[in-house]
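A.B. asks: Just passing along the structure, written as structure tokens.
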Amino acid sequence: MPPSWGLRGMTTGKRALIVDDSRSARVILSRMLEQHGMAVDTAESAEQALEYLHQQRPDVIFMDHLMPGMDGFQAVQAIKADPQTATIPLMMYTSQEGELYVSQARALGAVGVLPKTVRPVDVSRVLYQLRLLPDRRHDRSALFDERAARAAAAAAGGGASIAPAESSPPAEGGEPVDLTATGTGTWAVPTAALSEMQGRMQQSVNQLVRDQLAEQRRFMLATFEAFARRMSSEIKDGIAKATPPPAEPVVPPPPPTPWWPIVLTGLLAVVPAAILGFLYWQSQQAQAGLARDLADAQAQAASAEARAQAALAPLPADGPAGLNSLGDPRSGPPGGGPVAVEYVPYAEAPLANARLERLRTLAATLEEQQFRGRIVVESFIGDFCLSGNAADGFTVAEATLPTQKCDLVGNPYEDALSPAQRQSVAFANFALLLAQRTAGAVTVETVTAGRRNPIEYPEQREGSTAGDWNAVAAQNNRVEFHVVPSG
């Protein structure tokens, strides 16, 4: 009988780690892995998984994407940054779809992405691809022994025929067996040997079918068991929520107290104070609105002036040869000036909106000129005079506020952005589409320049205002577009 393809009663000696905040998802995936003979450890959060990896080294990690606290992408970065854990294969699984997400996961170091509703066949395929399970083809046995068949044919001397090998197999005495050759160039095989081959073949096929049915039955039982546990838990929670609380004893109300004297006294005291307070609040709101309008007008004027200057500087008429020849932008700011500049309002993603439209216009012009090279998009950070606090958030201070009274001078919004959050999905998709459309002739490269090469801020002295400071900050908070020809 050939060896079984199943894993019943067997253990591979391999260990897997599942990181997911959902208990039901951990149970279902654990069942699937245990059916393959793997030991399974689980963690409810990325922080708990990192603490686990300080002591254990699993053979594979299954990581959920969206979790409270540290998400899956941040956990992958931390695992791949540690030389002790960087070589562990890591599979992401999530409900999100799209080529952009898969590309981000693979760029961070994940070997693949599974859907959130993972199937047993997906788990089996991943384990075989990672060589965590033995290849089933190596466990198969031959349906018949050709050497035994030839020996039986030599002993019987007649029957069915088989194709001859390069030399006849030796008999027990060590001499070649002289099989009877037919007119068609084949060897005669006795009927008994042919019947034995057919019996072994049927026996092997029956065993394969039984093993496959047993494996499918185990997967179905594990899935149904996890589903039943989940339904039982949800039903118990629903019953507990549906049970009405015990009725409290009804206390008879106290005898009613005349209310009109109290209400009349309160009205006489509250109405004048409310009127005076409303008038004062209305005057304060009017003053604050005028100050905000003035600050917005100044900022818009500065932004409009900068955009007008950038718009008046079109691309050179002599094509790519007239564009900037720049060095490698990763080694520092480019040597020449930018071909376009866009200014970023405070609390707005730098690589989105107007910057995306400018990139599309520049890419269209370069494609018409049959340009080959890179478009380097370099973002700079400006420090604004802000009002507010870390709990409620910061906003641009009023223009009339003295600079000495700014709650914060900086740009906490951009400082908190990760590299992926600095660009919108539309910006990333356009960069990918541009490279595909031009067959790699025109590519987009983003560079975070930080606070390099700022326009000098005004000196903070008596009489200087937030409006003067923020007018310069609005010009420093910018995105520059450089063109680097290939070669």
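The values are calculated or read from the model by the stated rules, or taken from the named source; none is laboratory data. Everything quoted here is computed from the prediction, not taken from an experiment. Neighbour counts are summed over all protein chains in view; Cβ atoms, including those assigned to glycine, are modelled from backbone coordinates with ideal geometry. Keep in mind that these areas ignore ligands, DNA and RNA; they rest on the heavy atoms of the full protein, side chains included. Shrake-Rupley method; radii C 1.70, N 1.55, O 1.52, S 1.80 Å.
A.B. asks: Cβ contacts < 6 Å: first residue within 22 Å of M32 (Cβ to Cβ), restricted to region 200-224; second residue open to solvent by less than 80 Å² (accessible area, probe 1.4 Å) and modelled with pLDDT under 85, any location; separation 6+ or different chain. Result?
C.D. replies: These pairs meet every condition: D211/S4; D211/W5; D211/G6; A214/G6; E215/G6.
A.B. asks: If you don't mind, another one. Which of the residues that make up region 468-487 are assigned to a helix (DSSP H, G or I) and either open to solvent by less than 10 Å² (accessible area, probe 1.4 Å) or among the basic types (K, R) (or both)? So that I can check it myself, show each step before the final result.
C.D. replies: Looking only at region 468-487, we keep the residues that are assigned to a helix (DSSP H, G or I), and these are 468-476.
Passing the criteria: A473, N476.
A.B. asks: A further question on this structure: Within region 438-467, which residues are in a loop (DSSP other than H, G, I, E, B) and open to solvent by less than 50 Å² (accessible area, probe 1.4 Å)?
C.D. replies: The initial filter retains those residues of region 438-467 that are in a loop (DSSP other than H, G, I, E, B), namely 438-441, 451-464.
T438, G440, A441, P458, S464, listed by residue number.
A.B. asks: Another question, then. Failed condition for L417, given (1) closer than 16 Å to R478 by Cα; (2) open to solvent by 10 Å² or more (accessible area, probe 1.4 Å); (3) in a strand (DSSP E or B), with all others met?
C.D. replies: So L417 meets the others, but not (3).
A.B. asks: Output the residue which, of all residues in region 386-406 that are in contact with a Gly (Cβ under 6 Å, 6 or more places away or on another chain) and either without any contact (Cβ under 8 Å) to a residue 60 or more places away in the chain or of a type in the set (D, E) (or both), is farthest from A473 (Cα to Cα).
C.D. replies: Just the residues of region 386-406 that are in contact with a Gly (Cβ under 6 Å, 6 or more places away or on another chain), to begin with: 394-395, 399.
Among the residues that remain, those that are also either without any contact (Cβ under 8 Å) to a residue 60 or more places away in the chain or of a type in the set (D, E) (or both) are: 394-395.
Values: F394: 15, T395: 14 Å.
The qualifying residue farthest from A473 (Cα to Cα) is F394.
A.B. asks: For region 420-436, which residues satisfy the criterion of being open to solvent by 30 Å² or more (accessible area, probe 1.4 Å) and part of a loop (DSSP other than H, G, I, E, B)?
C.D. replies: Scanning region 420-436 gives A420, Q421, S424.
A.B. asks: Out of region 411-428, which residues are out of contact with any strand residue (DSSP E or B) (no Cβ under 7 Å at 6 or more places or on another chain) and within 30 Å of E462 (Cα to Cα)?
C.D. replies: Within region 411-428, Y413, E414, D415 qualify.
A.B. asks: While we're here: Got a number for residues in region 267-293 being open to solvent by less than 80 Å² (accessible area, probe 1.4 Å) and touching a residue at least 24 places away in the same chain (Cβ under 8 Å)? Break it down stepwise before answering.
C.D. replies: Taking region 267-293 as the starting set, the residues that turn out to be open to solvent by less than 80 Å² (accessible area, probe 1.4 Å) are 269, 271-274, 277, 283-284, 286, 288-289, 291.
Filter once more, so that each one left must be touching a residue at least 24 places away in the same chain (Cβ under 8 Å): 288, 291.
So the answer is 2.
A.B. asks: Additional query: Does region 129-145 contain at least one residue that is at pLDDT 85 or above, open to solvent by less than 60 Å² (accessible area, probe 1.4 Å), under 40 Å from the mean Cα position of the chain (by Cα) and not acidic (D, E)?
C.D. replies: We begin by selecting, within region 129-145, every residue at pLDDT 85 or above; these are 129-132.
Okay, now just the ones that are also open to solvent by less than 60 Å² (accessible area, probe 1.4 Å), so 130, 132.
Next cut, under 40 Å from the mean Cα position of the chain (by Cα) only: 130, 132.
Subset that is not acidic (D, E): 130, 132.
Within region 129-145 (the criterion being at pLDDT 85 or above, open to solvent by less than 60 Å² (accessible area, probe 1.4 Å), under 40 Å from the mean Cα position of the chain (by Cα) and not acidic (D, E)), the answer is yes, since at least one residue qualifies.
A.B. asks: For region 73-85, what are the residues that are under 23 Å from S30 (Cα atoms) and open to solvent by 10 Å² or more (accessible area, probe 1.4 Å)? Spell out how you get there, then give the answer.
C.D. replies: Narrowing region 73-85 to residues under 23 Å from S30 (Cα atoms): 73, 75-76, 79, 85.
Answer for region 73-85, where residues must be under 23 Å from S30 (Cα atoms) and open to solvent by 10 Å² or more (accessible area, probe 1.4 Å): just F73.
A.B. asks: Go through region 358-393 and count every residue that is open to solvent by 50 Å² or more (accessible area, probe 1.4 Å) and in contact with a Ser or Thr (Cβ under 9 Å, 6 or more places away or on another chain). Walk me through how you get there before you give the answer.
C.D. replies: If we filter region 358-393 for residues that are open to solvent by 50 Å² or more (accessible area, probe 1.4 Å), which is where we start, we get 358, 360-361, 367-370, 372, 374, 389-392.
Checking which are in contact with a Ser or Thr (Cβ under 9 Å, 6 or more places away or on another chain) leaves us with 367, 372, 374.
The number of residues fulfilling the criteria is 3.
A.B. asks: Do we have Q404 as assigned to a helix (DSSP H, G or I), surrounded by fewer than 17 Cβ atoms within 10 Å (Cβ to Cβ) and either at pLDDT 90 or above or in contact with a Pro (Cβ under 7 Å, 6 or more places away or on another chain) (or both) here? Steps first, answer last, please.
C.D. replies: Details: assigned to a helix (DSSP H, G or I): yes; surrounded by fewer than 17 Cβ atoms within 10 Å (Cβ to Cβ): yes; either at pLDDT 90 or above or in contact with a Pro (Cβ under 7 Å, 6 or more places away or on another chain) (or both): no.
In short, no.
A.B. asks: Take the residues in region 97-120 that are of a type outside the set (D, E) and open to solvent by 80 Å² or more (accessible area, probe 1.4 Å); name whichever of them is farthest from A428 (Cα to Cα). Steps first, please.
C.D. replies: Restricting attention to region 97-120, the residues satisfying the condition of being of a type outside the set (D, E) are 98, 100-120.
Next, only the ones that are open to solvent by 80 Å² or more (accessible area, probe 1.4 Å) stay: 106-107, 117, 119.
On the way: R106: 16, A107: 14, T117: 27, R119: 31 Å.
Selected residue: R119.
A.B. asks: Here are some residues: V60, V102. Which one is closer than 27 Å to M220 by Cβ and among the β-branched types (V, I, T)?
C.D. replies: On the way: V102 fails: closer than 27 Å to M220 by Cβ.
None of the other options fit; the residue is V60.
A.B. asks: Follow-up question, since we're still on this one. With modelled with pLDDT under 80 and surrounded by fewer than 10 Cβ atoms within 10 Å (Cβ to Cβ) as the only criterion, which of P254, P190, P261 stands out? So that I can check it myself, show each step before the final result.
C.D. replies: Numbers: P190 fails: surrounded by fewer than 10 Cβ atoms within 10 Å (Cβ to Cβ); P261 fails: modelled with pLDDT under 80.
None of the other options fit; the residue is P254.
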